[in-house]
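Worksheet for the structure shown next.
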Amino acid sequence: MNAAWQIAETYEPAHGKAVQLAPGVERVTANNIGAMTHQGTNSYIVGEKSVCVIDPGPDDEAHFEALLKALDGRELTHILVTHTHKDHSTLAPRLQAARGGLLVAEGPHRPSRPCHPGETNPFAKSSHFSFSPDVTLADGEVVEGDGWALETVLTPGHAANHACFALAGSGLLFSGDHIMAWAPTVVGPPDGSMSAYLKSMDKLLARDDRFYLPGHGGPVLEPRALVSGMRTHRLMREGAILNRLRAGDTTIAAIVDGMYRGIDPALKMPAALSVFAHMEDLVSKGQALCDGPACLDSQYFPAK
């Protein structure tokens with residue numbers, strides 16, 4: 001691989017089929033279309049004869065068969081998972097049982113912080129708590145195979161154990177759910193952390209990756225511009241939340257109603273989780289006050 005290395009820039013989900021994006025990189029998209037998954041979860045195959053799979057996806061029969069077909073005649077040495085939300089990782093144990101390979105991730109699923117007394121985790125049903133990797137990865141650690149090497153770039157925020165993987169010699173970063181072109185990433189405490197997410201965005205801005213291949217949707221062709229714009233948008237939302245507090249809104253629900261007028265009811269909870277993540281960060285920085293531990297149904301006030 002060299003500086004002239006390119007990826008296919010168009011995005012067609014082609015559910016059930018392997019789509020070659022570049023030499024040694026293929027995508028198989030699961031048909032789990034939804035408001036949170038876009039056109040489905042992207043699984044990536046890296047390598048030629050001896051390969052790894054990044055994010056095997058949901059435990060879906062059609063997707064499982066599509067991956068087996070794409071892997072036919074090749075050795076599967078590693079199964080990498082960017083994070084342990086079920087749409088990315090639940091097929092991993094079944095794929096390993098069928099084709100072998102080491103399960104590799106930052107670690108098992110865990111929230112970014114413990115739940116406060118009486119608090120529930122809205123991501124509990126979508127989290128893969130039974131996932132147990134064979135190999136855990138530290139930041140900067142490299143996973144190598146025949147003709148490919150992937151550097152671990154830990155990016156907590158969307159999930160505590162989120163990791164991206166940079167393909168050596170290509171300028172390509174597999175960005176999981178950390179950065180996607182089709183929509184902002186949902187960051188919802190206690191599973192996620194806005195403070196960690198913003199730090200992880202800064203970490204990517206310090207890199208020189210040329211392309212991202214995300215967990216949902218098509219390639220990110222100008223990653224620095226996208227990450228910078230998304231970070232600015234997050235900070236603007238933070239300012240808008242502080243303005244709602246100063247205007248007298250004291251609950252997450254009231255702030256969502258004030259900031260997202262006419263929002264699709266199906267998107268109200270993701271919006272509330274995003275506002276809550278910002279609020280938790282604002283409280284930790286002393287820019288907002290809370291009537292107790294920061295929770296989704298707590299009352300909040302501007303710092304004096």
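Annotations
- Which numbered condition residue 96 misses (of (1) touching a residue at least 24 places away in the same chain (Cβ under 8 Å); (2) surrounded by fewer than 20 Cβ atoms within 10 Å (Cβ to Cβ); (3) within 15 Å of residue 57 (Cα to Cα)): (1)
- Cβ-Cβ contacts under 6 Å between residues 6 or more apart (or on different chains), taken from a first residue in the range 40-69 that is over 20 Å from residue 182 (Cα atoms) and in contact (Cβ under 8 Å) with a residue 40 or more places away in the chain to a second residue that is of a type in the set (Asp, Glu) and surrounded by fewer than 24 Cβ atoms within 10 Å (Cβ to Cβ), are listed as 50/75; 50/146.
- Taking (1) in contact with a strand residue (DSSP E or B) (Cβ under 8 Å, 6 or more places away or on another chain); (2) under 21 Å from residue 211 (Cβ atoms); (3) assigned by TED's automatic domain parsing to the domain that holds residue 87 in turn, residue 8 satisfies each apart from (3).
- Yes/no for residue 98 being modelled with pLDDT of 95 or more, assigned to a helix (DSSP H, G or I) and among the hydrophobic types (A, V, I, L, M, F, W, C): yes
- Close pairs from the range 163-184: first free of Cβ contacts under 8 Å to residues at least 60 places away in the same chain, partner among the small types (Gly, Ala, Ser) and part of a loop (DSSP other than H, G, I, E, B), Cβ under 6 Å, at least 6 apart: 181/217
- Subset of the range 284-294 (residues that are in contact with a Ser or Thr (Cβ under 9 Å, 6 or more places away or on another chain) and not hydroxyl-bearing (Ser, Thr, Tyr)): 285, 290, 291, 292, 294
- From the options 26, 48, 75, 9, residue that is over 23 Å from residue 99 (Cα atoms) and among the acidic types (Asp, Glu): 9
- Residue 48, sole failed condition from (1) touching a helix residue (DSSP H, G or I) at 6+ places or on another chain (Cβ under 9 Å); (2) surrounded by fewer than 17 Cβ atoms within 10 Å (Cβ to Cβ): (1)
- Residue match in the range 115-127 (condition: surrounded by 21 or more Cβ atoms within 10 Å (Cβ to Cβ) and either under 26 Å from residue 195 (Cβ atoms) or assigned by TED's automatic domain parsing to the domain that holds residue 200 (or both)): no
- Flag if residue 160 is surrounded by 14 or more Cβ atoms within 10 Å (Cβ to Cβ) and either in the same structural domain as residue 272 (by TED's automatic domain parsing) or under 29 Å from residue 61 (Cα atoms) (or both): yes
- Filtered residues of the range 84-109 (kept if over 19 Å from residue 70 (Cα atoms) and of a type outside the set (D, E, K, R)): 84, 85, 104, 105, 107, 108, 109
- Of all residues in the range 107-121, none are at negative phi and not in a loop (DSSP other than H, G, I, E, B).
- Among residues of the range 132-151 that are free of Cβ contacts under 8 Å to residues at least 24 places away in the same chain, those with a Cβ under 9 angstrom from a residue that is assigned to a loop (DSSP other than H, G, I, E, B) and surrounded by fewer than 13 Cβ atoms within 10 Å (Cβ to Cβ), sequence gap 6+ or separate chain, pair up as 149/169; 151/140.
- Any hit, the range 260-278, residues being touching a strand residue (DSSP E or B) at 6+ places or on another chain (Cβ under 7 Å) and not in a loop (DSSP other than H, G, I, E, B): no
The values are calculated or read from the model by the stated rules, or taken from the named source; none is laboratory data. Here the structure is a predicted model, which means the values were calculated and not measured. Please note: Cβ atoms are built from the backbone with ideal geometry, for glycine as well, and neighbour counts cover all protein chains shown.
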